[in-house]
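> The structure that follows is given in the form of structure tokens.
Each value in this text was obtained by applying a stated rule to the coordinates, not by laboratory testing. Computed from a prediction, not measured in an experiment: that's the story for all the values here. Every residue, glycine as well, gets a Cβ built from its backbone with ideal geometry; the counts of neighbours run over all protein chains shown.
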Amino acid sequence: MNSTPANERHPPLGHYVAETRFGEWFQRTDIWRQYVVDEAIGELASLLPPGRGPFATVLDAGCGEGAAFAAVLRTFGPRVLVAVDIQPEAVAAAGRLATELGGRIEVRAADACALPFDSGSMDLVLCHQLLHHATDPVRVLAELRRVVAPDGWLLLAESCRAFLRWWPVRLLFRHPPRRQQTAEDYAALVAAAGFSIGPTSIMTPAPWWSRRDLGLGERLGWPVRVPEATQVRIAAQPRPR
């Protein structure tokens with residue numbers, strides 16, 4: 001009987017390099033939801049101006065199997081949450097979860113480089129851990145800029161170069177074979193796509209799971225030292241054209 005390695009790699013899907021089998025499994029775990037997704041959404045929400053929201057229409061770009069759905073509904077209170085992903089199996093799983101969570105979530109199969117939405121139709125766009133899987137992040141950001149409302153917001157959460165180059169991450173997960181981005185690179189890409197980032201609208205947290213010692217030093221009372229940012233969170237608004 002043939003066995004399938006836990007880190008078997010999928011071929012690219014359009015403009016996106018799909019995750020490994022291990023990565024797909026990990027994104028179904030409570031660790032992923034609690035420590036990666038929920039924490040990132042809380043950090044992104046803290047970057048918004050006080051009293052901003054709720055948002056009528058929210059887009060979850062690259063939603064996967066819907067790990068962010070509950071946190072998005074709870075945090076941003078949208079009238080409609082629209083979620084897209086390019087991978088058919090993920091779309092099917094996200095659709096089932098959307099049904100369980102109620103009638104405010106619409107799930108569609110779509111490429112983030114060619115979204116099936118009108119320009120300016122989204123009040124809030126969530127882009128969580130999508131760009132480092134995209135073969136053309138510039139094109140993705142241009143499309144997100146197109147669909148966000150003139151007074152809307154882009155919330156971006158990404159893993160940075162220092163984390164993605166760590167050998168366990170390179171072994172177990174899959175990303176495009178290109179130069180990955182630093183936090184400064186991501187900020188520059190967002191700005192180049194036509195967004196404005198305020199001085200208090202970016203943060204570079206270093207969660208325990210992104211550090212080389214997995215947070216052991218902090219638990220022992222040692223100072224946390226992160227030479228290069230492992231994560232970045234950005235809240236940005238579109239600049240007038």
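> Are there any pairs with C-beta distances below 8 angstrom linking a residue in the range 157-178 that is farther than 23 Å from A68 by Cβ to a residue that is surrounded by fewer than 18 Cβ atoms within 10 Å (Cβ to Cβ) and hydrophobic (A, V, I, L, M, F, W, C), with the two at least 6 apart or on different chains, and if so which?
A162/V226; R170/L164
> On to the next question. If I filter the range 116-157 down to residues being small (G, A, S) and either over 14 Å from G62 (Cα atoms) or over 16 Å from the mean Cα position of the chain (by Cα) (or both), which single residue comes out as surrounded by the fewest Cβ atoms within 10 Å (Cβ to Cβ)?
Looking at residues that are small (G, A, S) and either over 14 Å from G62 (Cα atoms) or over 16 Å from the mean Cα position of the chain (by Cα) (or both), I get S119.
> Related question: Can you tell me which residue in the range 54-69 is farthest from M203 (Cα to Cα), limited to those that are touching a residue at least 60 places away in the same chain (Cβ under 8 Å) and in a loop (DSSP other than H, G, I, E, B)?
Only one residue tops the list, namely A56.
> Scan the range 179-206 for residues that are assigned to a loop (DSSP other than H, G, I, E, B), closer than 13 Å to A157 by Cα and either free of Cβ contacts under 8 Å to residues at least 60 places away in the same chain or in contact with a Gly (Cβ under 9 Å, 6 or more places away or on another chain) (or both) and jot them down.
Scanning the range 179-206 gives Q181, T182, T204, A206.
> To continue, here is another question. Restricting attention to the range 70-98, and to residues there that are among the β-branched types (V, I, T) and touching a residue at least 40 places away in the same chain (Cβ under 8 Å), which single residue is farthest from V37 (Cα to Cα)?
Pass one, the range 70-98, residues among the β-branched types (V, I, T): 72, 75, 80, 82, 84, 86, 91.
Keeping just the survivors that are touching a residue at least 40 places away in the same chain (Cβ under 8 Å) gives 72, 82, 86.
On the way: V72: 10, V82: 17, I86: 19 Å.
Here the answer is I86.
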